[in-house]
1. Angle, helix 58-92 long axis vs. longest principal axis of the chain, Cα atoms, 0 to 90°, nearest 10?
2. How about Lys200: which lysines have a C-alpha closer than 24 Å to its C-alpha, ignoring those fewer than 8 places off in the same chain?
3. Relative to the first principal axis of the alpha-carbon coordinates of the chain, what is the inclination of helix 240-264, with its axis defined by its Cα atoms, in degrees from 0 to 90 and to the nearest 10?
4. Return the Rg/Rh ratio of the stretch 161-223 with Cα-based radii and a Kirkwood Rh.
5. Any chance you could run the full-extension gain for Thr52 through Gln261? It's 0.36 nm times the residue separation minus the Cα-Cα distance, nm to one decimal.
6. So, with a 1.4 angstrom probe, what is the percent of accessible area on the stretch 51-118 that is carbon and sulfur?
7. Report the residues of the stretch 98-134 in range of a label on Lys92: point 7 Å along Cα→C-beta, backbone N strictly under 14 Å from it.
8. Please list the equivalent ellipsoid semi-axes of the stretch 44-135, computed as the square roots of five times the alpha-carbon gyration tensor eigenvalues, in descending order and whole angstrom.
Amino acid sequence: MRYLKLYARFIPIYFKSKTEHGFGFYMDFIGFALTHVVSYTVIWALMSRFQTINGWNMYEVMLLYTLNMLTYAVAAVFFFFQMNDVEDDVHKGSFDSLLVKPINPFIHMIIRSFGHFFLGDIAIAVIMLGVCFSRLDIHLHWSSYLSFAVMLLGAVLVQASFIIITGSMCFWIVRARSVKNIVIFGIRGFVDYPISIYSKVLRIILTFIIPYGFVNFYPSHLILNKEGGSLFASWLPYTTPIIGLLLFFIAYRVWNAGLNQYQGTGS
């Protein structure tokens with residue numbers, strides 16, 4: 001709780017320092033947001049031509065993209081640039097500054113920065129979530145909002161876990177950012193569309209090995225009340241929170257193993 005209070009005090013100071021840059025600060029939001037406008041346009045153009053993709057209509061596909069974007073953006077606010085900074089510090093030899101402070105290095109890594117770039121993504125995702133819900137005639141009961149929030153939290157933890165795991169590779173390899181780019185900007189992109197359109201091998205990878213399917217595809221089956229043979233088990237859509245917690249635990253262990261590797265080599 002004490003660290004949360006410190007972070008709450010840090011964020012206004014962070015924004016104050018960034019807004020001093022004026023126009024450049026706001027361009028951070030606009031630049032990141034425009035990439036998603038292009039992506040939605042591509043989905044619209046594709047679905048206007050084919051109408052459905054393996055039983056998924058345009059707004060259902062947009063819902064998949066939106067859930068992927070929203071949960072990733074929330075996770076990235078707290079972990080993306082922070083893990084990039086860790087890699088830079090390791091290479092510069094300045095990472096020891098995190099180890100000598102009277103605070104858990106993992107907590108210190110999080111609260112020393114803030115990914116304001118992704119706030120524009122979150123705003124667009126919330127708007128598009130409302131559009132998709134309206135067009136798909138989705139009406140959640142008050143009791144369902146709690147379940148939806150828990151599901152989103154699980155998906156955020158999945159996204160955060162892969163940022164941490166791939167970022168922690170910097171303790172073992174020279175340039176971990178290339179690994180992060182492959183996973184986050186490559187493999188994660190597969191779930192922008194229904195994973196049921198892919199081969200069984202790829203569905204297994206996206207479900208059991210690199211389980212990005214749990215950030216949007218499986219939760220969407222609950223939101224949309226979809227039933228299909230592409231699911232490996234009927235209970236999988238309910239397990240996103242469990243998968244998120246399990247992956248985050250693994251990510252934290254990988255981070256700690258990296259710390260031990262760094263300290264053990266005397267870097």
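1. 10
2. Straight-line reach from Lys200, under 24 Å: Lys226.
3. Here the helix axis deviates by roughly 20 degrees.
4. 1.04
5. Extra length available between Thr52 and Gln261 comes to 70.3 nm.
6. Taking all protein chains in place, the stretch 51-118 shows 59 percent carbon and sulfur surface.
7. In the stretch 98-134, the label zone of Lys92 (backbone N under 14 Å from the point 7 Å along Cα→Cβ) covers 98, 113.
8. 40, 13, 9
The values are calculated or read from the model by the stated rules, or taken from the named source; none is laboratory data. Keep in mind that what you see is a predicted model, and the values were worked out from it rather than measured. Note that we place each Cβ from the backbone using ideal geometry, even for glycine, and neighbour counts take in every protein chain shown. Heads up: the accessible areas ignore ligands, DNA and RNA and are worked out on the full protein's heavy atoms, side chains in. Shrake-Rupley method; radii C 1.70, N 1.55, O 1.52, S 1.80 Å.
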